[in-house]
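Engineer: Next up is a structure, given as structure tokens.
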Amino acid sequence: MVLTVILLLVSGYVTLCSPTHREFYLINGAKIWADAQSYCRSNYADLATIGSQDDMQRLVNMVSASGVTAEMWIGLTRTGPPAWLWSVGETQISDGVVEYTNWGSLPSSTDNCGGMRDDGKWFSAPCTTTLPYVCQDIGSSGLYVVFQGTSWLYAQQNCRMNNKDLASARSQVENLALQQIINSAALSSVWIGLFRDDWKWSDQSDSSFRYWASGQPNYDGLCTLYNPSLKGFMDRGCTYSLPFICYEDPIKVPECQGSVESPA
């Protein structure tokens, strides 16, 4: 899809038009995280929730078109408690139904990444463990194995570079499909898209999508910013004054994908 950039110098907006997605608004005025949240809630829906790869790409495009290079707040904060989630951006709970799990044994309280064995059972492990991994095409059931062993985060990054993500097993059917891929590759264990964290979105969305820059989060703070140079998330102390990104429901603002403005 071709996006048209419209520069409206009088109003101070940069707009990327697209009628079908969540709208992102880059506010080019520095505020601490709590004040940025209040501003977004008063004027839009909330600080930005990035819920999918598609959201992330559109946010990257919007910021690049704006010319703003400073770090900027988004709506992710470390509020706990820790939960096991899926890399693809969907939680394990749907419409109140108890989540599907298939742990071989209870996950360790010190492990934050998850894999699957050749018997289809899940296991937890330190995220720096070196394992092969399984990627999944975004929006489809296509699966493929990468045999080169790597850490969980590097596996996630490699999948995402090709518009894919680490594979999910949110049902018995998906779990069996993954197990069959592992068995056909004659592997004993692989990384899948399971991870545990204690970060939540400001709007209370249960989206599990994260796009941390390399080495992040390093627990430098409880709030999260987007770094335009690294094109990823970083954690930071909440009292820094930074530009910020709000979002709005596309039903309320159907004309355009995103804007940049300077608050009064």
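The values are calculated or read from the model by the stated rules, or taken from the named source; none is laboratory data. Keep in mind it's a predicted model, so treat the numbers as computed, not measured. Using ideal geometry, Cβ is built from the backbone for each residue, glycine included, and neighbour counts are taken over all protein chains shown.
Engineer: Spot the failing condition for Thr130; the list is (1) outside the structural domain of Leu178 (by TED's automatic domain parsing); (2) at pLDDT 95 or above, and only one is missed.
Structural biologist: (1)
Engineer: Hey, another quick one. Can you tell me which residues in region 207-244 are surrounded by 14 or more Cβ atoms within 10 Å (Cβ to Cβ) and of a type in the set (Phe, Trp, Tyr)?
Structural biologist: Result: Phe209, Tyr211, Trp212, Tyr226, Phe233, Tyr240, Phe244.
Engineer: In region 59-88, which residue that is among the hydroxyl-bearing types (Ser, Thr, Tyr) and assigned to a loop (DSSP other than H, G, I, E, B) is farthest from Gly237 (Cα to Cα)?
Structural biologist: Ser87
Engineer: Which one of these is under 19 Å from Ser188 (Cα atoms) and either touching a strand residue (DSSP E or B) at 6+ places or on another chain (Cβ under 8 Å) or assigned to a loop (DSSP other than H, G, I, E, B) (or both): Thr110, Thr128?
Structural biologist: Thr128
Engineer: Let me ask something else about it. Of Ser205, Ser229, which residue is in a loop (DSSP other than H, G, I, E, B), out of contact with any Gly (no Cβ under 8 Å at 6 or more places or on another chain) and closer than 17 Å to Leu59 by Cβ?
Structural biologist: It is Ser229.
Engineer: While we're looking at this one, here's another question. In region 11-49, how many residues are of a type in the set (Val, Ile, Thr), modelled with pLDDT of 95 or more and buried (at least 18 other Cβ atoms within 10 Å of the Cβ)?
Structural biologist: 2
Engineer: What residue, of Gln180, Gln204, is in the same structural domain as Thr130 (by TED's automatic domain parsing) and surrounded by fewer than 19 Cβ atoms within 10 Å (Cβ to Cβ)?
Structural biologist: That would be Gln180, the only listed residue that is in the same structural domain as Thr130 (by TED's automatic domain parsing) and surrounded by fewer than 19 Cβ atoms within 10 Å (Cβ to Cβ).
Engineer: Of all residues in region 223-250, which are of a type in the set (A, V, I, L, M, F, W, C) and farther than 22 Å from Cys113 by Cβ?
Structural biologist: Taking region 223-250 first, the residues of a type in the set (A, V, I, L, M, F, W, C) are 223, 225, 230, 233-234, 238, 242, 244-246.
Cys223, Leu225, Cys238, Leu242, Phe244, Ile245, Cys246, listed by residue number.
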